[in-house]
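Written below as structure tokens is the structure these notes are about.
The values are calculated or read from the model by the stated rules, or taken from the named source; none is laboratory data. None of the values given here were measured: they were computed from a predicted structure. When we count neighbours, we look across all protein chains shown, and the Cβ atoms used for this are built from the backbone with ideal geometry, even at glycine.
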Amino acid sequence: MTRTFQSKSLPATRRQVLRTAAAGGAMAATSPFWLNLARAADAPIKIGFSMALTGGLAGAGKPALIAMQIWRDDINAKGGLLGRQVELVHYDDQTQPANVPKIYTKLLNVDGVDLVVSGYGTNLIAPAMPIIMRKGMVFMSLFGLAANDEFKYDRYFQIMPAGPEPKIDWSRGFIELAKGKELETIALVGADAEFAKNAVAGARTNAQNAGFKIVYDESYPPSTTDYSPIVRAIQATNPDIVYVGSYPPDSAGMVRAANELDLQTKMFGGGMVGLQYASLMTSLGPMLNGIVNYDFWVPEPTLNFPGIQEFLAKYQARAKGQGVDPLGYYLPPFAYAYVQVLGDAITAVGSLDQQALGDYIHKTTFNTVIGPVQFGANGEWAKSRTLMVQYQNITSNDLEQFKHAGKRIVLYPKEWVSGKFKFPYTEAKKA
Amino acid sequence: MDLFLNAIVSGLLLGGFYAAVSLGLSISFGQLDIVNIAHPAFVITGSYVTYMVNRALGLDPVLIGLVFSPLFFVVGAAVYYVYYVSFEKTGQEALSGLVFFFGLMFIIEISLIMVYGVDYRLVAAPYIGVTWRLGAVDLPLRMFVPFVTALIMTLAIHLFLARTFAGRAVLAVAQDRLALRLMGADPVKVKQLAFGLSIATAAVAGSLLIIIGPVEPSVDRLYIGRVFAIVVLGGMGSIGGTLVAALILGVAETFVATFYGPSWAPAVSFGILLVTLAVRPQGIFGRY
Amino acid sequence: MRSLVFWSVSALIFALGLVATKLLANEFFFFAGYAILQATIMAVAWNILGGFTGYVNFGSAGFFAVGVYTSVALNKAFDPPLIVMLLAAALIGGLIGLATGYLTLRLRGVYFAIATLAMAIVLETVANNWAYVGGATGAYILTPKTVLFFDDYIEFLFALMLLLSLGAVAIARQLQLSRIGQGLSAIRDDEIAAECMGVPTLRLKLVSTTIMGALMALAGVPYPFFVTYVDPLSAFDLTIAVNAIAMPMIGGTALWFGPVVGALLLGSVQQIVTVTVSSAVNVLIVGVLLVIFIVVAPQGIVGLIRDQWRKRRAHG
């Protein structure tokens, strides 16, 4: 490549632009300092965290933030915590793990936050752990799969209701439902990405323990555009059960491909993220019928916990025009709950002492908008509440229908069952 | 045998779509040597425009893409002008242009996030979900319609470049800028036309992308590698080469996904590229 | 810059860095500083092939990830001392650089760029499927609770990165000032003419890619200890590749200190913006800055300053 160096005359204006830009940058960089000085006078309680507001996980991160802001407003309306107003201090981690350690050190060392909670997703929770552990902070965590398995930190609490053995509990319900139906073979498929791989690994263990024969076991790269070759390869093995671990774009791709190729199997679904989002539900509509998938909260009468309807109404009002999921059933109630637990613990203990809070959270059952919450020794839920729901009776692509009961029937665990399991899949998808 | 046949057909359909996305880059990078790494970002913008109009007026996505391509053409011409004044005029284009387009890619992505949010967007069309069956072969219309559109678009561009006066000026400027000027044509205007055309194809490609699957602002990053690989594999400067390379890549990916394990599909595609570069660097149909 | 001045200043900077780890209690600076230093090594390494020799490497993230995964694999296998991991990564990165160079340097510049992109994607696919280092699920690397001489592990990582950056800059400077460097700029200006003059172009280009590969891999070795959890998505992130190109471009590619200027400038802006303006806007700012800088100063800041200086000398 040839390059010629020519000397150009630089008009004075361009130099000025560069100078003012530098000055502006310096001012922007020091502005939090001035804000912090102002805040010191009021002494509010500051809760700090990173959240994915841009990048791959922003689709869930942004709604989570909205939910947390609702909690903050609810709590402040009632007079705050310990008589002080609550303030949320957050930074966008851009779904990049490398940003997380410095965000949390800034929060703790520079911004002087009193409490911290996690961001969303395993790879954005794990990088914060060493810093949190060193400072001995209580760490409420939002949907990281088994993030504490390696660290074994005793002040880590996970709000995702996976259960004491998250990797296995995730798919346990699906396999349990399959067990009662005299099935033999299972196909496992998932995306080459953290959550999906873990979900499928758990399903593999559960399937082997249940005595199912695994006839297909592959993964695909997240950049896959066309899922028909995968569905065809699966069909060629004639499985009774198909378990899929996927993220929103691939979930949509797999469901569409399964419908277009008229997948013949008896049970289909499992760990497909994204089928809980309004955008995918309305787009796929009747294609969802018959699919048995995981979920955490659905508008069924068995899950009508106190406070959930009010919360959802507030969320749906705030979500308008923000370019986020309009229904807010998936992550937002849990984002509300994980700060709600922290707030309730502070009120009960009467101080911000991290040791006292940690002990209190371990031994208490909390009543939250997502129902009763109790943590086990490793910080995960003491009892799994990963629901298995089946899509039924969807006749159109309309959004309103998903706001009412009857479209996602809870099949597992027993305590929350709200309807009958339509079996097999080939029959169930017709209604 | 069924599986084999369907794998080929699926691969061709997928490859056709890849060709649609790469067509614009074949012009801007293959012929004009402009490293427009923001091309997939323009495609995603096309997807969002399609989504907006489809949701508001219910029009067919491909139609929306075609209707908006003149607007994208104008935008492309404007972007080229900035690029020309900043870089080409002073001879700095190769690397500086690359950084410029990286910056542009981020700006486009973030603007989309700020305007539309980060939720997944999909379009509705009567043929999404319908499958035609020809014997043992499945033709999901969701893939078939983009395939046909891509073929037509490729043919149209090829005819434009080969048969019309303006088109041949574009081919000329790719080969020898000085000679073109001696012939009396203004190379800047010609390149502006060509670049505008490349961005216009992005509008249509975007509408095809959102027919096939859900779109959110960072989806463009998944296509950067593929489109450059396809243009280089096909041969810089050859529109037909781009189509053939896209089809080859589509079939290779589908075969690996069907018979071996989808995990390895990207390695196979790019492996093919590396082997081709080692053995025949000018690509399949490249001349220089 | 005289050699003595350079080495004294380097030693001084390193000493200051060590002092800072003792005096500064706020770890934030070390985390942010680590990221800026990592970007500096990547920018300096990229520039050896990109700026000095004129061949654009699109796949910088691939070489970086080689260092990351060498580190993870060795750590899981037998937890060797750091120096072993650094040497191993430099060796492997250098070899891959050599191999890439050998396979593709016959090609015109733009083809080489695409080949590096393809190589990065192939490496990412391998990383995704290599279960031993966690594959797509990711790997956890736990940092030791105490470390010699430093209060905190991050201070140790920061000092390490400072040492590596100073080393990389020294290597780049040596290269540029040596006969090899003259050969490289001959290649950059007109490869065919250089070949005709007897410059051993292929050999020099291979030296370039090998050193670049080794340095980028070195930059990746401490990364797993920095983030604790590594997965291919973050190790191969596009931002790494973009920064590796943008920073030398903004700073100036002809001289060895151009990438340093660019990395310090752009890196600092990115770090500051992440913890202040934080939101979609901060990536927008980076994008806008990139475009503005490159339009205003296509030869980089160093090139701009040089032009100004030359003009002033000519007029005055």
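With respect to the numbered conditions (1) facing another protein chain (nearest Cβ under 7 Å); (2) surrounded by fewer than 19 Cβ atoms within 10 Å (Cβ to Cβ), which one is the sole condition not fulfilled by C:G287?
(2)
Residues are listed down the side, and each one gets a yes or a no for (1) surrounded by 22 or more Cβ atoms within 10 Å (Cβ to Cβ); (2) under 22 Å from B:A200 (Cα atoms); (3) touching a residue at least 40 places away in the same chain (Cβ under 8 Å):
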{"position": "B:V74", "(1), (2), (3)": "no, yes, yes"}
{"position": "B:P126", "(1), (2), (3)": "no, no, no"}
{"position": "B:G129", "(1), (2), (3)": "no, no, no"}
{"position": "B:A150", "(1), (2), (3)": "yes, yes, yes"}
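So is B:V137 in contact with a Ser or Thr (Cβ under 7 Å, 6 or more places away or on another chain), more than 18 Å from A:G56 (Cβ to Cβ) and modelled with pLDDT of 85 or more or not?
No, not satisfied.
Name the residue that is nearest to C:N243 (Cα to Cα), counting only residues in the range B:107-133 that are more than 10 Å from chain A (Cβ to nearest Cβ) and either modelled with pLDDT under 85 or part of a loop (DSSP other than H, G, I, E, B) (or both).
So, considering only residues that are more than 10 Å from chain A (Cβ to nearest Cβ) and either modelled with pLDDT under 85 or part of a loop (DSSP other than H, G, I, E, B) (or both), the one nearest to C:N243 (Cα to Cα) is B:A125.
Here is a check on your reading of the model: is C:T40 of a type outside the set (D, E), in a helix (DSSP H, G or I) and within 16 Å of C:T209 (Cβ to Cβ)?
Working: of a type outside the set (D, E): yes; in a helix (DSSP H, G or I): yes; within 16 Å of C:T209 (Cβ to Cβ): no.
So C:T40 fails the test.
Residues that are among the charged types (D, E, K, R), more than 30 Å from B:L222 (Cα to Cα) and more than 8 Å from chain B (Cβ to nearest Cβ): which strands (runs of 3 or more DSSP E) entirely in the range A:203-318 hold 1 or more of them?
Here the list reads A:213-220.
Could you identify the single residue in A:A187, A:A193 that is within 18 Å of the chain's Cα centre (by Cα) and in the same structural domain as A:Y243 (by TED's automatic domain parsing)?
Result of the check over A:A187, A:A193: A:A193.
Which members of the range A:75-92 meet the condition of being touching a helix residue (DSSP H, G or I) at 6+ places or on another chain (Cβ under 8 Å) and either part of a helix (DSSP H, G or I) or not β-branched (V, I, T) (or both)?
We begin by selecting, within the range A:75-92, every residue touching a helix residue (DSSP H, G or I) at 6+ places or on another chain (Cβ under 8 Å); these are A:75, A:81-82, A:85-92.
If the condition is that a residue be touching a helix residue (DSSP H, G or I) at 6+ places or on another chain (Cβ under 8 Å) and either part of a helix (DSSP H, G or I) or not β-branched (V, I, T) (or both), then A:I75, A:L81, A:L82, A:Q85, A:E87, A:L88, A:H90, A:Y91, A:D92 are the ones that fit.
Of all the helices (runs of 4 or more DSSP H) wholly in the range B:217-288, which have at least 3 residues that are touching a residue at least 60 places away in the same chain (Cβ under 8 Å)?
Here the list reads B:221-234, B:239-259.
Restricted to the range C:114-141, and to residues that are touching a strand residue (DSSP E or B) at 6+ places or on another chain (Cβ under 8 Å) and assigned to a helix (DSSP H, G or I), which residue is modelled with the highest pLDDT?
C:V133
Kindly evaluate B:V275 against the criterion of being more than 9 Å from chain A (Cβ to nearest Cβ) and out of contact with any Ser or Thr (no Cβ under 6 Å at 6 or more places or on another chain).
For B:V275, the condition - more than 9 Å from chain A (Cβ to nearest Cβ) and out of contact with any Ser or Thr (no Cβ under 6 Å at 6 or more places or on another chain) - is met.
Going residue by residue through the range A:104-115, is there one that turns out to be within 20 Å of the chain's Cα centre (by Cα) and facing chain C (nearest Cβ under 8 Å)?
Scanning the range A:104-115 turns up no residue that is within 20 Å of the chain's Cα centre (by Cα) and facing chain C (nearest Cβ under 8 Å).
Between A:I168, A:I234, which is more than 23 Å from the chain's Cα centre (by Cα) and either under 20 Å from A:V341 (Cβ atoms) or β-branched (V, I, T) (or both)?
Sole residue among the options that is more than 23 Å from the chain's Cα centre (by Cα) and either under 20 Å from A:V341 (Cβ atoms) or β-branched (V, I, T) (or both): A:I234.
Hey, among C:Y34, C:Y111, C:Y102, which residue is part of a helix (DSSP H, G or I), within 28 Å of B:R280 (Cβ to Cβ), within 9 Å of another protein chain (Cβ to nearest Cβ) and aromatic (F, W, Y)?
Result: C:Y111 is the single residue among C:Y34, C:Y111, C:Y102 that is part of a helix (DSSP H, G or I), within 28 Å of B:R280 (Cβ to Cβ), within 9 Å of another protein chain (Cβ to nearest Cβ) and aromatic (F, W, Y).
Got a number for residues in the range C:290-309 being facing another protein chain (nearest Cβ under 8 Å) and assigned to a loop (DSSP other than H, G, I, E, B)?
The number of residues fulfilling the criteria is 2.
Could you run through the range A:363-416 and say how many residues are more than 25 Å from B:L122 (Cβ to Cβ) and touching a Ser or Thr at 6+ places or on another chain (Cβ under 6 Å)?
Count: 4.
Can you name every residue in the range A:170-186 that is in a loop (DSSP other than H, G, I, E, B) and buried (at least 17 other Cβ atoms within 10 Å of the Cβ)?
A:L183
Condition check: β-branched (V, I, T), surrounded by 24 or more Cβ atoms within 10 Å (Cβ to Cβ), out of contact with any Lys or Arg (no Cβ under 6 Å at 6 or more places or on another chain) and under 26 Å from B:G117 (Cβ atoms). Does A:V189 satisfy that?
So A:V189 fails the test.
Give the range B:268-286 a look and list any residue that's closer than 16 Å to C:L123 by Cβ, of a type in the set (G, A, S) and either touching a strand residue (DSSP E or B) at 6+ places or on another chain (Cβ under 8 Å) or surrounded by 21 or more Cβ atoms within 10 Å (Cβ to Cβ) (or both), or say none.
B:S269
Can you report the number of residues in the range A:90-107 which are touching a strand residue (DSSP E or B) at 6+ places or on another chain (Cβ under 8 Å) and crowded, with 23+ Cβ neighbours inside 10 Å?
Qualifying residue count for the region: 10.
Out of B:V148, B:V85, I need the residue that is under 29 Å from C:I245 (Cα atoms), more than 10 Å from chain A (Cβ to nearest Cβ) and either at pLDDT 90 or above or over 23 Å from the mean Cα position of the chain (by Cα) (or both). Which one?
Just one listed residue meets the conditions, B:V85.
Can you name the number of the only condition in (1) in a helix (DSSP H, G or I); (2) touching a residue at least 40 places away in the same chain (Cβ under 8 Å) that C:V56 fails?
Condition (1) is where C:V56 drops out.
Could you grab me the full set of residues in the range C:175-198 that are of a type in the set (V, I, T) and either without any contact (Cβ under 8 Å) to a residue 60 or more places away in the chain or surrounded by fewer than 14 Cβ atoms within 10 Å (Cβ to Cβ) (or both)?
Within the range C:175-198, C:I180, C:I192 qualify.
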